[in-house]
Amino acid sequence: MLAALTSRMEEVGLRLHPTKTRMVYCKDNRRRGSHEHTSFTFLGYTFPPRGARRADGTMFVGFQPAVSPEALKKMSQRVRRWRIRTRTRHDLGELAALINPVVAGRMNYYGRFYRSQLNPLLQHINTYLMRWAGKKYRRLRAFKRFQA
């Protein structure tokens, strides 16, 4: 099957990467078989079988995209490199000018599907901002967690 796909791609001028290309079984409610590979990652999204809700409220298993763990890890590393806690000379407006465009872009791109998968990243940013506020404003040091 993979050989046929490779030859078809070559007919139209495309070439498949030999180690990255694999056949994936799109497991859902209608396809209940098992296969070695049941998920894949493409453009920062991972596509595994996930629970989803129909319009009438019933649950089903579908092949749905969400932010991949690798992309989430890279975004978290970038947020750590900002070293927000050390920027006590900045005010909140300056931090917002640094953070908001990046977070908005990530939310617009990765938040299209399963926005809740971005919650760990947003929680990290919130924690870093709380640390920053505790270092900058003495009266906020006593608060271990802000209440929403």
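Read the figures in this text as sums done on the coordinates, not as results from a lab. Being a predicted model, the structure only gives us computed values, none of them experimental. All Cβ positions, even for glycine, are placed from backbone atoms using ideal geometry, and neighbour counts span all protein chains on display.
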**Fill in**
Residue by residue through segment 53-58, the couplings from Karplus 6.51 cos²θ - 1.76 cosθ + 1.60 with θ = phi - 60°, in Hz, x for Gly and Pro, are 10, 6, 4, 7, x, 7
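Sort largest first and round to whole Å: the equivalent ellipsoid semi-axes of segment 24-64, each the square root of five times a Cα gyration tensor eigenvalue.
20, 14, 5
Defining a contact as two alpha carbons under 8 Å apart and six or more residues distant in sequence, what relative contact order in percent does the chain show? Display every interim value, and only then the final one.
On the way: 140 pairs, mean separation 23.9, N = 148.
Relative contact order for the chain comes out at 16 percent.
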**Message:** As a footprinting exposure proxy, order 87, 115 by other Cβ within 10 Å, with the fewest listed first.
**Reply:** 115, 87
**Request:** Can you tell me the dipole magnitude for the chain around its Cα centre, using point charges on the Cβ only (Lys, Arg +1; Asp, Glu -1), in Debye to the nearest 20?
**Result:** 1100
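For the chain, what is the calculated [θ] at 222 nm in deg cm²/dmol (nearest 500), taking -39500 (n - 2.57) for each run of four or more DSSP H residues and dividing by its residue count? Numbers along the way, then the final one.
Numbers: 4 runs with 61 residues, N = 148.
Mean residue ellipticity, 222 nm, calculated: -13500 deg cm²/dmol.
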**Loop trypsin sites (Lys or Arg not before Pro), segment 1-58, which have at most 15 other Cβ atoms in a 10 Å radius of their Cβ (DSSP)** = 15, 20, 22, 30, 31, 32, 54
**segment 33-59 and segment 112-132: distance between their alpha carbon centers, rounded to Å** = 23
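Around residue 103, what is the net charge, scoring Lys/Arg as +1 and Asp/Glu as -1 over all other residues with Cβ under 13 Å from its Cβ?
Numbers: positive: 78, 106, 115; negative: none.
Every neighbour counted, the sum reads +3.
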**Complete:** Taking the square root of 5λ for each eigenvalue of the C-alpha gyration tensor of the chain, the equivalent ellipsoid has semi-axes, largest first and in whole angstrom, of 42, 21, 12
**Prompt:** Using a cut-off of 17 Å between alpha-carbon atoms, which aspartates and glutamates can reach residue 27, once sequence neighbours fewer than 8 places away in the same chain are excluded?
**Reply:** 36
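Reported to two decimal places, what Rg/Rh ratio describes segment 67-140 when computed on Cα atoms with Rh from the Kirkwood expression?
Working: Rg = 13.0 Å, Rh = 13.0 Å.
That ratio is 1.00, to two decimals.
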**Prompt:** So which GluC sites (Glu not before Pro) in segment 1-77 are both in a DSSP loop and have at most 14 other Cβ atoms within 10 Å of their Cβ?
**Reply:** 36
